[in-house]
1. Please express the Cα-Cα pair-distance distribution P(r) of chain A as a list of whole percents, one per 5 Å bin, running from 0 to the bin with the greatest distance.
2. Report, in whole Å, the centroid distance computed from the Cα atoms of the stretch B:82-116 and the stretch A:27-63.
3. For B:236, A:23, what ranking results if the residue with the fewest other Cβ atoms within 10 Å of its Cβ goes first?
4. Using the Kirkwood formula over every pair of different C-alpha atoms, what hydrodynamic radius in Å results for the stretch A:205-254?
5. GNM, chain A, Cα, under 10 Å: largest mean-square fluctuation among A:186, A:13, A:59?
6. Enter the mean projected area of the convex hull around the alpha-carbon atoms of the stretch B:122-201, in nm², rounded to one decimal.
7. Can you list, shortest first in nanometers, how far residue B:106 lies from the same residue in the other copies, with each label 7 Å from Cα toward Cβ?
8. Taking 60 Å as R0, compute the FRET efficiency from the Cβ-Cβ separation of residue B:227 and residue A:224 and round it to 0.05.
């Protein structure tokens, strides 16, 4: 896509907000075929996160996916890097992607990820600061540096997710938890979450440098060559590379 | 119960200390029918915690319950709030309830909770500061904000308890662990615990504001209305509301 | 062994380094019959850790044992305490044993412990600072103060190890993970690990005093008497005491 076409093209809507009630919102990622997110996704998500921060009534938000097999996969490596880097920093002073993730963590609502299908880590968005606090040092290093797919049951064992459920139970579980939380007092929710944040959120100054290092890392020839090899094999297109990305990432350097 | 009767009534003994040996103590909560604790319980527990802090010989203490089905359930919502708030702060400068819990954490003895039956969180006593450090942010938020009953096996998965055991194995396991620890050197126990405290206890300044926010929260009309609704349905009396409090709490706001 | 003989004796090689490739090293502890480590082991391990810190190519190192039934068991209580205490501090300013362990944690390579057989904690090396961060306060206190053997499956539940695998699967799993990591970019590995370190490593000032307290503890008459009793029963010799050390440690003070 040439720059001119891109600049004037209508940006596809990729993220949909549905208000199940004043108290309970759903955010659905619907960017087929792979739910890849990129510079176009950021303002759309940002608008929703701003609404979650400021709405007087919302208590709980569920993130899910409308795309079979993919929750929210990796960043868009076909987008020009400048489209990401030229975005101005967000209210926290962090770059837009980590800014949004940090603000969602602190928003006065409970967020639940109903993960069905592949989900990617968000390098630069804080996983190095977050995962060791979530699952302990050893397992975090395995997840970050093994860079392999983590099946649901292992994710549950590691504390990466709260629970791994049979596919047929997931929707009912999430619905029950979300409607339950939506029945509680918003002030009690926001105060409780704020206290838990103090005890568990990494400070922003730990997250900030991850972004710069991540961008610098992607720009290095070694990474560019790996991305090129992955592209040749089918990266960014429906198929086996996207379905078993962990496996293919492990083949590139051999 | 009128104020005058209450002021002159003999306070029921609710907490019993048994010295199995110089080194191994048992604290049994016996306040039937529900092991509700309140302002009357605090001085009784405080006396025991002071003894645990100062006794030269005790190495391990097991807390258990003499009441079928309940370990230590929620706070006494029938007691006048002033009976709690007028208690002077403890040695840490915290209010008596969080003060006791913090002091037990730091006491130079190992404490083991042998939980058989329902156990309530202690809002204001530090769960927002403690749980994210114990089980990670995501699960702590689910426990705190889902506010639902947590079965033993889920508690074990989440690291909320060390182990979930079949009822028939619990006593033997606890007895074996307690007598084992009681056979070790008290100085080694207290020094080891003190180092672990540095690495794991939240600072008191994180716990202090939880208390004020908790009290303010209870005093709000929204909470008072919920407590009133729960009382109508059987709260504070043996029966289904106390047996399945998580369920009933989830019904109030619908 | 007299001091003179010891001073002039050739020190047995106990730790072997094999370079499977430029990127993937193996460190094998081979000090039969029990893989006890002591003052003689420290310089040998230190040399390897220095190589891991400075080598330009190594990305992953696996530690394993050549001794059936023992990975790396306890410290050498037959060695004279002075042989340990007179060793000068390492580059971190910590004593050599905690110094090495801290430096391995920070080294720009991934280290994997392939534990087959008994492994001992390293008092003075930082377990009080590390374990509560790894598995939460309650379980860390049980491990440290219960001082009992922890079977593999319990270690996995507690997050003490990443995974517990059937013996027949261990080698293939470790080999696969190590060769996978060895295929990645060294700079990405070292940068990622450094960020995770910030989020998860205890500060050195928490580890330093553990060493002094540990040494003072060993020197106390109570500990010396226990060590003497253990020695009488077979400590430091192949047999039931070493095979079930947790059990025997629990018998001494009864």
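Throughout, read-outs are computed from the coordinates displayed, never taken from laboratory work. Remember, predicted model here, so these are calculated numbers, not experimental data. For neighbour counting, all protein chains shown are included, and Cβ atoms are generated from backbone atoms with ideal geometry for every residue, glycine included.
1. P(r) for chain A, in whole percents per bin: 1, 5, 11, 16, 19, 20, 14, 7, 4, 1, 0.
2. 43
3. On the way: B:236 18, A:23 22.
Exposure proxy ranking, most exposed first: B:236, A:23.
4. Values: mean 1/r = 0.0827 Å⁻¹.
12.1 Å is the Kirkwood radius here.
5. A:13
6. Numbers: hull surface 26.1 nm².
If I average the Cα hull's projected area over directions, I get 6.5 nm².
7. In ascending order, 3.0, 3.0 nm.
8. About 0.45, to the nearest 0.05.
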